[in-house]
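Worksheet: the structure to be examined is printed underneath.
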Amino acid sequence: MSFCVKCGAEGPVYDNVCRNCFLENKRFTRIPEHVNLMRCVHCKEYSIDNKWIVHDDVQKAAEDVALDAVEVLKDTTVESMEAIITPADNANFRAHIEMTVEHKGLVVEEELDTIVRLKNTVCDRCSMIKGSYFEAILQIRSRDRKLLEKEVDDMLDRVDKLIKESATDNRDVFVSKVDRVVGGAGGADVYISNNSVAKMISRQLSDQYGAEVKDTSKLVTQKEGRDVYRVTYLVRLPAYRFGDVLLYKKKMFLVGPMRTTNVRLTDMKTGDAVNYSHTDLIDANVIGRSEDMLDAIVLLETDKEVQIMHPTNFKPVELRKPQKFKVKGETVRIFIYEEELYIIPK
Ligand SMILES: [Zn+2]
Ligand SMILES: [Zn+2]
């Protein structure tokens, strides 16, 4: 049988005393008298537990920051905690917190009170954005043709999507400026806050569009004894795009999927697929864009031929099928070049 060394009561003891004597003058939790809730004046995000967080409701943010400020004694676990927030004025909130904690098998309820003070600040990201901070420039250009506005838009949308994806893991990733190249062959310069993200994006564009990437870095400053470089990624698009028709070595090819160094072409006559490197195709001429292709209604299909209705004069026309070609559905894609009709082998 155990008993309390302080008051003599019999029963279970904690550090040699009974529950009442043990809990006397003892607290397992505490909170500072004031807790600061930092809010960025630009993005309106709140700093809670060293992270910037979006909260639609300031009272909810006050609750989070108050609960985060609770400290518990060593060997104490929190079973539950709940905060009641009441606004005191525009910038202050009263927080009343009810806690249940467990310590050495004892379950204890405690209450805490604090004032949450709303303070304005500027977060790191916003101060970098305001200072137009960037580590890298992505230059979108073409190899030897004029870029269409729509193409530049597509590329910028792609860049934007990749930036957003990266920004979910790292909020310091952003675009600080986009300059459209006016006149000439067109294009755009995208100023990116993070060099490794800019590099990743240049590689992705290279893979997706068969673009050639060249990077150059320039020493701009020294920070804490380290050299700081600014990197320019020149992303140059080839003359052709996926779905275009090329004339190369007197043969017509359909442009297929692009890779960094090569592209898959399909011979329009034979249907054979061949890989060519982008450098090989410097001399190739784009004779048709994917948006120039037309749908033609199929009237009859035989082993070697397809009879279609001409899409502009509506007369029946017989066309030789590319090898291994089979009609799927009621139409075929065709391309008209110098009055001749060609089936798109797909
Ligand atoms: Zn006692
Ligand atoms: Zn901010």
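Some points to look at:
- Summing charges over all other residues whose Cβ lies under 15 Å from the Cβ of ASP295, with Lys and Arg as +1 and Asp and Glu as -1, gives 0.
- Taking θ as phi - 60° and the Karplus parameters 6.51, -1.76 and 1.60, the scalar couplings of segment 263-270 work out to 9, 8, 10, 10, 5, 5, 8, 8 Hz in sequence order, x denoting glycine and proline.
- Per residue Cα convex hull volume in Å³ - calculated over segment 33-123: 93
- Added length on full extension, which subtracts the Cα-Cα distance from 0.36 nm per residue, THR312 to ALA185: 42.4 nm
- Rg and Dmax, both from the Cα atoms of segment 285-331 and both in Å, are 11.7, 33.
- Spatially proximal aspartates and glutamates relative to LYS44 (Cα-Cα < 16 Å; intrachain offsets below 8 disregarded): ASP56, ASP57, ASP64, ASP124, ASP172
- Where GluC sites (Glu not before Pro) in DSSP loops with at most 12 other Cβ within 10 Å are excluded, longest remaining stretch of the chain: 34-223
- Residue exposure proxy: TYR276, TYR342, ordered by other Cβ atoms within 10 angstrom of their Cβ from fewest to most, comes out as TYR276, TYR342.
- Amide H contacts for LYS269 (H built 1.01 Å from N in the peptide plane; partners 5 or more residues away or on another chain; cut-off under 5 Å): MET252.
- Placing a label point 7 Å from the Cα of THR221 along the Cα-to-Cβ line, the residues of segment 111-134 whose backbone N sits under 12 Å from it are 128, 131-134.
- Residues in segment 324-331 carry Karplus couplings, in order, of 6, 8, 10, 6, 10, x, 9, 10 Hz; the curve used is 6.51 cos²θ - 1.76 cosθ + 1.60 with θ = phi - 60°, and Gly or Pro positions show x.
- Couplings 3J(HN,Hα) of segment 173-189, computed from phi: 8, 7, 9, 8, 6, 10, 10, 7, 7, 8, x, x, 8, x, x, 7, 10 Hz, in residue order, whole Hz [Karplus 6.51 cos²θ - 1.76 cosθ + 1.60, θ = phi - 60°; x for Gly and Pro].
- Cα centroid separation, segment 1-31 to segment 139-166 (Å): 71
- Taking a straight line from the alpha carbon of LYS269, these lysines sit under 16 Å away, with near neighbours fewer than eight places off in the same chain left out: LYS249, LYS250, LYS251, LYS304, LYS321, LYS324, LYS326, LYS346.
- Distance between the modelled labels on ASN20 and ASP157, one decimal in nanometres: 7.6 nm (7 Å Cα→Cβ projection).
- Highest-fluctuation residue, TYR191, TYR233, TYR14 considered, GNM on the chain with Cα pairs under 10 Å: TYR14
- Three-way shape call for the chain based on the alpha-carbon gyration tensor, with the a/c threshold at 1.5: prolate
None of the figures in this text is laboratory data; all of them are computed from the coordinates on show. This is a predicted model, so every value here is computed, not measured. Quick reminder, even Gly has a Cβ in these numbers, built from the backbone with ideal geometry, and neighbours come from all protein chains shown.
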